[in-house]
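*Asks:* Questions regarding the structure given below will be posed in turn.
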Amino acid sequence: MSAWTTVCHVEDLLPERGAAALVGDQQVAVFRLEDDEVVAVQQRDPFSGANVLSRGIVGSAGEAVTLASPMYKQVWDLRTGACLDAAGKEPQDLRTFDVVVDADGRVRVAG
């Protein structure tokens with residue numbers, strides 16, 4: 001059973017910009033997409049080991065909303081965490097987190 005942590009208000013998140021949050025003892029990167037959907041993935045870049053993914057670049061590839069690492073530019077599907085471009089390395093997916101925005105606009109992440 002997952003515990004839910006309130007991390008911010010949806011209005012605190014700029015569209016297609018990330019924000020770092022702490023859920024339990026895990027750092028997560030939270031993103032509000034252009035359609036106001038809010039998603040969260042692990043903050044740790046699996047290729048560099050640095051907690052930087054909230055500073056990644058949001059883009060698209062076909063129907064997928066993507067996140068590019070600010071370190072070595074690997075690319076993931078932001079909704080599923082699937083590695084789309086490992087930039088010549090062994091693909092490593094990201095952990096994703098369930099997110100809900102409640103009626104008062106609070107963003108809650110399951111940890």
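The values are calculated or read from the model by the stated rules, or taken from the named source; none is laboratory data. Fair warning: this is a prediction, and the values are worked out from it, not measured in the lab. Here Cβ is always computed from backbone atoms with ideal geometry, including for glycine, and neighbour counts include all displayed protein chains. To get the accessible areas, we keep the full protein, side chains included, count just its heavy atoms, and leave off ligands, DNA and RNA. Shrake-Rupley method; radii C 1.70, N 1.55, O 1.52, S 1.80 Å.
*Asks:* Quick check, is Ser48 among the polar types (S, T, N, Q) and at pLDDT below 95?
*Replies:* no
*Asks:* Sticking with this structure for a sec: What number of residues within the range 95-109 satisfy the criterion of being open to solvent by 50 Å² or more (accessible area, probe 1.4 Å) and in contact with a strand residue (DSSP E or B) (Cβ under 9 Å, 6 or more places away or on another chain)?
*Replies:* 8
*Asks:* So for the range 24-34 (the condition being touching a residue at least 40 places away in the same chain (Cβ under 8 Å) and over 13 Å from the mean Cα position of the chain (by Cα)), does at least one residue qualify?
*Replies:* yes
*Asks:* Of the residues Val7, Val41, which is within 10 Å of the chain's Cα centre (by Cα) and closer than 15 Å to Gly111 by Cα?
*Replies:* Just a single option satisfies the conditions, and that option is Val41.
*Asks:* Please give the strands (runs of 3 or more DSSP E) falling wholly within the range 1-70 in which 2 or more residues are surrounded by fewer than 21 Cβ atoms within 10 Å (Cβ to Cβ) and among the hydroxyl-bearing types (Ser, Thr, Tyr).
*Replies:* Hits in the range 1-70: 4-9.
*Asks:* On to the next question. Out of all the residues in the range 57-111, which are at positive phi and of a type in the set (D, E, K, R)?
*Replies:* Of everything in the range 57-111, just one residue is at positive phi and of a type in the set (D, E, K, R), namely Lys73.
*Asks:* On to the next question. Does Gln92 satisfy the condition of being of a type outside the set (Asp, Glu) and either exposed (fewer than 14 other Cβ atoms within 10 Å of the Cβ) or touching a residue at least 60 places away in the same chain (Cβ under 8 Å) (or both)?
*Replies:* Answer is yes for this residue.
*Asks:* Test Ala87 against the criterion of being modelled with pLDDT under 95, assigned to a loop (DSSP other than H, G, I, E, B) and either among the aliphatic types (A, V, I, L, M) or surrounded by 15 or more Cβ atoms within 10 Å (Cβ to Cβ) (or both), and give yes or no.
*Replies:* Yes: the conditions hold for Ala87.
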